[in-house]
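Asker: Supplied in structure tokens, the structure appears directly below.
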Amino acid sequence: MSKQARDTLKSLFSSAIRADLLALLLNNPEERFYVREIATLLRKNPSGVKRELDNLEKMGIVASKKVANLKYFQAEKKSPLFSELKSLIAKSLGASGALKAALKNSGAKIAFIFGPYTESEDTATVDLFIVGRPSLGAEVLKDIEEKFGKKINTVIMDENEFKDKKDNADPELERLLSGDKILLTGKL
């Protein structure tokens, strides 16, 4: 391994903000984000986010484009490290991490995994419950299914129906909410 490659890898994984940025940008390579938007999504300090984005841009992993007064950032798909980093992030996050990243700015109010996957990741299926109207496309779920070799069963419920069922102690919903789950977004 060359000194440059070693130095790049060392600086690449030196902060939690950087890891979160890589997960967000590499899991959404077609999307552009501005600094405050990323800071809000990741719940991080904007100055720390900006510093890490600048570092990633210097490494050639992130590209930026100024539009009006805003500087937008996105993954640099032409980087020789793009596909390897994307694969590394996906493997380290697991199916639940990949779903969490995909749901992060989808519009889902609440999302959690329930069922056998919560006890062991060695199951063939992932049961996903979503409240709201997420903009999560079928192709994103299909990509996650293929990456992790898991079938994703999705239950989507709008906010009003969820509230009504919760308020009326719907037995099926109560069973789901009282069982083991992996919360991906929102609060129960």
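Since every read-out is calculated from the coordinates, none of them should be taken as a lab result. Here the structure is a predicted model, which means the values were calculated and not measured.
Asker: Across region 93-185, how many lysine pairs, 8 or more apart or on two chains, come within less than 19 Å at their alpha-carbon atoms?
Answerer: Lysine pairs, 8 or more places apart or on different chains, close enough: 20.
Asker: In Å, the Kirkwood hydrodynamic radius of region 93-187 over pairs of distinct alpha carbons? Don't skip to the end; give the middle numbers.
Answerer: Numbers: mean 1/r = 0.0739 Å⁻¹.
Hydrodynamic radius (Kirkwood, Cα pairs) of region 93-187 is 13.5 Å.
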